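A quick write-up on the structure given underneath.
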Amino acid sequence: QVQLVESGGGLVQPGGSLRLSCEVSGSIFSIYTMGWYRQAPGKQRELVAFITSGGSTNYADSVKGRFTISRDNAKNTVYLQMNSLKPEDTAVYYCNADLKRALGSTQDDYWGQGTQVTVSS
């Protein structure tokens, strides 16, 4: 079984910072792309950022220059450093990992349970 456990969400004032973490645990052969998505009330889930196994990154235009994604492959963990937070960043943030559980298995997507980020004064 594979689990993705997120942490680091909370309430922060506009202009503040938060750091999200997501650890992947369980029976894992290899983790490929890892990413963060978010879903605000009444809106569709959207990609925030992703990072490949080689370290290449991609960001949504709305967070470029403010958010930084990184990963620690030894810890099977992906991070999202969020700076200069705005009220429109308020959402549930979900971790995603594209991985194989075994050498001969398929490559599948796994999701965390989500962590709430609220930006408000």
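So what's the Cα pair-distance distribution over the stretch 1-74, bin width 5 Å, in %?
Spelled out per bin, shortest first, that is 3, 12, 21, 26, 21, 10, 6, 1, 0.
I need to check one value: relative contact order of the stretch 79-120, counting alpha carbon pairs closer than 8 Å and at least 6 residues apart, in percent.
Across the stretch 79-120, relative contact order equals 47 percent.
Considering only DSSP beta bridges whose two residues both sit in the chain, what percent are antiparallel, to the nearest 5?
Close to 95 percent.
In Å, the Kirkwood hydrodynamic radius of the stretch 35-121 over pairs of distinct alpha carbons?
14.0
Could you run the Karplus curve 6.51 cos²θ - 1.76 cosθ + 1.60 with θ = phi - 60° over the stretch 85-101 and give me ³J(HN,Hα) per residue in whole Hz, x for Gly and Pro?
5, 10, x, 6, 7, 4, 4, 8, 9, 10, 8, 9, 9, 9, 8, 10, 8
Suppose all protein chains stay in the model; what accessible area per residue would a 1.4 Å probe give for the chain, in Å²?
Per-residue accessible area for the chain comes out at 52 Å².
Per the 1.4 Å probe, what fraction of the accessible area of the stretch 1-115, in percent, lies on carbon and sulfur atoms?
45
In whole Hz and in residue order, list the ³J(HN,Hα) couplings for the stretch 113-119 that follow from phi through the Karplus curve 6.51 cos²θ - 1.76 cosθ + 1.60, θ = phi - 60°; x for Gly and Pro.
My calculation for the stretch 113-119 gives 7, x, 9, 7, 10, 10, 10 Hz in order.
Give me the number: length gained by fully extending R45 to Q113, i.e. 0.36 nm times residue separation minus the C-alpha to C-alpha distance, one decimal in nm.
23.1 nm
The values are calculated or read from the model by the stated rules, or taken from the named source; none is laboratory data. Owing to the predicted nature of the structure, the values given are computational and were not obtained by experimental measurement. Areas reflect the complete protein model, heavy atoms only, side chains present, ligands, DNA and RNA absent. Shrake-Rupley method; radii C 1.70, N 1.55, O 1.52, S 1.80 Å.
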